[in-house]
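Q: Below you will find the structure I want to go over with you.
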């Protein structure tokens, strides 16, 4: 029986993916990396090194200072040339560790046995796998960046692992190419995830615009009697949202305010599965990832790069931009964050983090809001079943209590409402503002 999630949109015709979905993953190793001690929105670490220190690739250089962060490791071998400090959007001081590579730093990486065939995992217990997740700095690589080991330390009984390989965000193709090129590593990683959870089955969930990747993975698991199923889903945004994935694959819903573990499910990105195999079977902590550089560039590409690689270098490596006025987005156009608008590329300061799936270059254009016409389109497409236009009004009236009553905290910040709005209202932005404010007040005990 097929299941479908509520709402959703079809934001593209597929031409966006065609820019890079057959571009083989290229290795790129910079001479200098700038590794932020903040690797996701709520994760902050403290640097353990100082200027002048020599580090080896894989050395721990950052330790969490609060819940929600994970170990950070040196992504290249070399000398720490500087520790600089910046302030984030919450005015927190964030350290940036700058490492200059040794002259003999090798870019090439030899494939491990686990990347070429399925290996025996009987020697790895649940406890060992979870501890290695923690030591290796493993986080959700689909965007959230939450420490993976915390998910697996749950006391809930887990029946299923859902491996999110939907990659529903427009333009991004890094997961697609990873599945085509690193299938054995991914399957070994999925088996490790299932073992860590004590799950009886894992579903690798792909949209049906990735039939080649599905076929490649099917060939690896065929006739192996593994607790893995490849599940093809309709191409529809946001198919890769956690709650939407549960609804599409299992035909059930995650209760409001609860995590998937409450119904016996853990969800991980396909890149996280491969990274776990690297950590456990390859003894390599999370120091690199695949990134798509696409949009208004001469040569859209997928790169395997060390964490801390500067965005500017990858854009130049892709032949530079083709737009007159650039908007640079970290991630995709629906959920990504703009990090440069209308300025020269050299003004871009960002570097690759563990959650950087893509660097998207768009031609910037103005967006003028007009009054809501009460068409209800935003409510129709909202995958969380909300009424974004009502929350929008509440936010503009500074009525946080009403926003709370309208369940703003259930918003997944997918951007569907803004996409369909004929009045060009910034609905997703304001609903997200309301959601974050409600969470803040809850933590303070104010509501």
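Q: Cα centroid distance between region 189-226 and region 136-168, in Å?
A: Measuring centre to centre over Cα atoms gives 15 Å.
Q: Can you sort 203, 5 so the residue with the fewest Cβ neighbours within 10 Å comes first?
A: Details: 203 24, 5 21.
With the fewest neighbours first, 203, 5 line up as 5, 203.
Q: Another question, then. Please tell me the relative contact order of the chain in percent, rounded to the nearest whole number, where contacts are Cα pairs under 8 Å and at least six residues apart. Walk me through the numbers on the way to the answer.
A: Details: 996 pairs, mean separation 80.6, N = 447.
The normalised contact order for the chain reaches 18 percent.
Q: Where does region 225-282 land on the Kirkwood hydrodynamic radius, alpha-carbon pairs, in angstrom?
A: Numbers: mean 1/r = 0.0756 Å⁻¹.
About 13.2 Å for region 225-282.
Q: Can I ask one more? Counting alpha carbon pairs within less than 8 Å and at least 6 residues apart, what relative contact order, in whole percent, applies to region 339-424? Numbers along the way, then the final one.
A: Working: 61 pairs, mean separation 25.4, N = 86.
Once divided by the residue count of region 339-424, the mean separation gives 30 percent.
Q: Restricting to Cα atoms and excluding each atom paired with itself, what does the Kirkwood estimate give for region 177-236 in Å?
A: Working: mean 1/r = 0.0842 Å⁻¹.
In region 177-236 this quantity evaluates to 11.9 Å.
Q: Calculate the length of the line joining the C-alpha centroid of region 362-410 to that of region 45-94, in whole Å.
A: Answer, in whole Å: 38.
Q: Of the residues 147, 388, 371, which exhibits the maximal mean-square fluctuation in a Gaussian network model of the chain defined by a 10 Å Cα contact cut-off?
A: Largest GNM mean-square fluctuation: 371.
Q: Also, I was wondering about something else. Tell me the volume per residue, in Å³, of the convex hull enclosing the alpha carbons of region 13-52.
A: Numbers: hull volume 5.1 nm³, N = 40.
Roughly 127 Å³ of hull volume per residue.
Q: Between residue 92 and residue 379, what is the label-to-label distance in nm when each label sits 7 Å out along the Cα-to-Cβ direction?
A: For residue 92 paired with residue 379, the spin-label model returns 3.7 nm.
Q: Another question, then. Relative contact order of region 30-106, please, whole-number percent, based on alpha carbon pairs below 8 angstrom and at least 6 residues apart. Mind showing how you got there, number by number?
A: On the way: 180 pairs, mean separation 26.3, N = 77.
Dividing the mean separation by the residue count of region 30-106 yields 34 percent.
Q: Using a basic spin-label model with each label point 7 Å from the Cα along Cα→Cβ, how many nm lie between residue 50 and residue 346?
A: Output for this residue pair reads 3.4 nm.
Q: Let me ask something else. Once both labels are modelled 7 Å past Cα along the beta-carbon direction, what's the residue 10-residue 82 spacing in nm?
A: Distance between the two pseudo-spin positions: 5.0 nm.
Q: In deg cm²/dmol and to the nearest 500, what is the mean residue ellipticity at 222 nm of the chain if only DSSP H runs of at least 4 residues count, each as -39500 (n - 2.57), divided by the residue total? It would help to have the intermediate numbers written out before the result.
A: Values: 14 runs with 124 residues, N = 447.
Mean residue ellipticity at 222 nm (helix-derived): -8000 deg cm²/dmol.
Q: As an exercise, take the mean of 1/r over every pair of distinct alpha carbons in the chain, invert it, and state the Kirkwood radius in angstroms.
A: 22.6
Q: Grab the Cα-Cα distance for residue 370 and residue 259, subtract it from 0.36 nm times how many residues apart they are, and report the gain in nm with one decimal.
A: Details: separation 111, 0.36 × 111 = 39.96 nm, distance 3.67 nm.
Gain on stretching residue 370 to residue 259: 36.3 nm.
Q: Residues of region 211-231 with amide nitrogen under 17 Å from the 7 Å Cα-to-Cβ point of residue 118?
A: Flagged as within label range: 214-231.
Q: Multiply the residue separation of residue 153 and residue 410 by 0.36 nm, subtract the distance between their alpha-carbon atoms, and state the gained length in nm to one decimal.
A: Working: separation 257, 0.36 × 257 = 92.52 nm, distance 2.41 nm.
Result: 90.1 nm gained on full extension.
Q: Picking from 125, 366, 338, which is most flexible by a Gaussian network model of the chain using Cα springs under 10 Å?
A: 366
Q: For region 31-158, take N as its residue count and report Rg(C-alpha) divided by 2.2 N^0.38 Å. Can you show the working numbers first?
A: Details: Rg = 16.7 Å, N = 128, 2.2 N^0.38 = 13.9 Å.
Ratio of Rg to 2.2 N^0.38 Å for region 31-158: 1.20.
Q: In addition: Considering only DSSP beta bridges whose two residues both sit in the chain, what percent are antiparallel, to the nearest 5? Before the final figure, lay out each step's value.
A: On the way: 41 of 64 bridges.
Roughly 65 percent of the DSSP beta bridges within the chain come out antiparallel.
Coordinate-derived values only; no laboratory data. If you're wondering where the values come from, they're calculated on a predicted model, not measured in any experiment. Positions of Cβ are backbone-derived with ideal geometry, glycine not excepted, and every protein chain shown enters the neighbour counts.
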